[in-house]
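Worksheet for the structure shown next.
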């Protein structure tokens with residue numbers, strides 16, 4: 001009788017041990033399955049995030065701030081715009097630099113006066129400006145005799161800006177930007193012109209204008 005009880009106990013222990021082993025194996029498989037699923041899910045999420053970032057980067061407009069400055073005022077404003085937009089800053093450099101006497105508005109024979117009185121004048125630019133990779137261009141210049149300097153027309157004549165958005169801005173002692181922008185719109189119709197703005201050299205003023213454009 002004792003022997004039978006011992007045998008029965010041994011059989012019960014074996015059955016219990018077997019059940020525990022099967023449960024442990026099943027549990028491990030389930031954990032591995034869940035771990036693999038989590039890893040796959042995390043990889044999928046990371047891939048989607050990366051793809052979203054790529055889409056955002058590829059759709060971001062590339063900006064250039066292209067300017068001509070004879071006295072430094074327009075250059076200062078262009079620098080502010082660069083800081084606000086993270087665009088590329090490109091100067092229009094004349095082949096023959098303008099001297100103080102060239103900019104003498106009181107001299108009817110000064111270089112700038114003669115150029116502004118000659119609608120066909122196109123002062124030569126010394127540096128090559130490649131605009132092909134840009135979507136949006138801020139175009140800066142001083143106002144001379146109520147209009148843009150003729151070297152700006154040199155740049156527009158020499159550049160292929162078709163379909164691009166160009167945002168004019170100017171610095172001036174008193175005259176506004178409207179006459180120059182109207183000329184641009186009438187003579188370079190393949191460009192998407194914004195109205196632009198006459199700006200002082202106040203950084204806060206420039207910031208308010210740029211932020212309002214949403215570019």
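Every read-out reported here was derived from the displayed coordinates using simple, explicitly stated rules and does not represent laboratory data. Remember, it's a predicted structure, so these values are computed and weren't measured experimentally. Cβ atoms come from the backbone with ideal geometry, glycine included; neighbour counts cover every protein chain shown.
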Per 0.36 nm of contour for each residue apart, how much would the distance between residue 89 and residue 103 grow if the chain were fully extended, relative to their Cα-Cα spacing? 2.6 nm
Cα centroid separation - region 108-149 against region 150-215, whole Å: 12 Å
Sequence of 77, 206, 136 once ranked by neighbouring C-beta atoms within 10 Å, starting from the fewest: 136, 206, 77
Order of 181, 93 under a 10 Å beta carbon neighbour criterion, fewest first: 93, 181
Once you have the Cα-Cα distance between residue 135 and residue 121, take 0.36 nm times their residue separation minus that, and quote the gain in nm to one decimal. 2.2 nm
Taking 115, 91 and counting other C-beta atoms within 10 Å, the order from fewest to most: 91, 115
